[in-house]
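Every number here is computed from the coordinates shown, using simple stated rules; none is lab data. Only a predicted model underlies this, so the values are computations on that prediction, with no experimental measurement involved. All Cβ positions, even for glycine, are placed from backbone atoms using ideal geometry, and neighbour counts span all protein chains on display.
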Amino acid sequence: MNIDEVKRTIRRGSEAAAQAKSTLEQAGLETASSLRLVQLTVHDSQNDDVEHALKILGTMDGEITRALRRIDAAVEHADAYLNALG
């Protein structure tokens, strides 16, 4: 693999990361919307399964935020590597 092929591969990876980021952001919006609807639907429930499900949905925002930061960092590192390659 020559240097131009390496650069193309890195750029394709960055493009894929941008698409993944967009998809993940949309999933985050839908998760937040779902959480609000679930909270309205089951409010005052004492069911253990309901409480467990709410807890899981509540943690999704943090997981998505961390994944988005990882994607951003990966793209930054890829860009830095491309710059170093010239």
Calculate how large, on average over all directions, the projected area of the Cα convex hull of the stretch 3-85 is; give the answer in nm² to one decimal. 6.0
So if each residue of separation counts as 0.36 nm, and I subtract the Cα-Cα distance between A32 and N47, what length gain in nm does that give? 3.3 nm
R0 = 22 Å: FRET efficiency of Q19 with R69, Cβ-based, nearest 0.05? 0.85
With everything on Cα atoms, drop me the angle between helix 48-85 and the longest principal axis of the chain, reported from 0 to 90° to the nearest 10. 10
Over the stretch 3-85, what is the relative contact order in percent, taking alpha-carbon pairs closer than 8 angstrom and at least six residues apart? 50
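Restricting to DSSP H runs of at least four residues, report the calculated mean residue ellipticity at 222 nm for the chain, -39500 (n - 2.57) per run over all residues, nearest 500 deg cm²/dmol. Intermediate values should be presented prior to the final figure.
Numbers: 2 runs with 78 residues, N = 86.
Result for the chain: -33500 deg cm²/dmol, rounded to the nearest 500.
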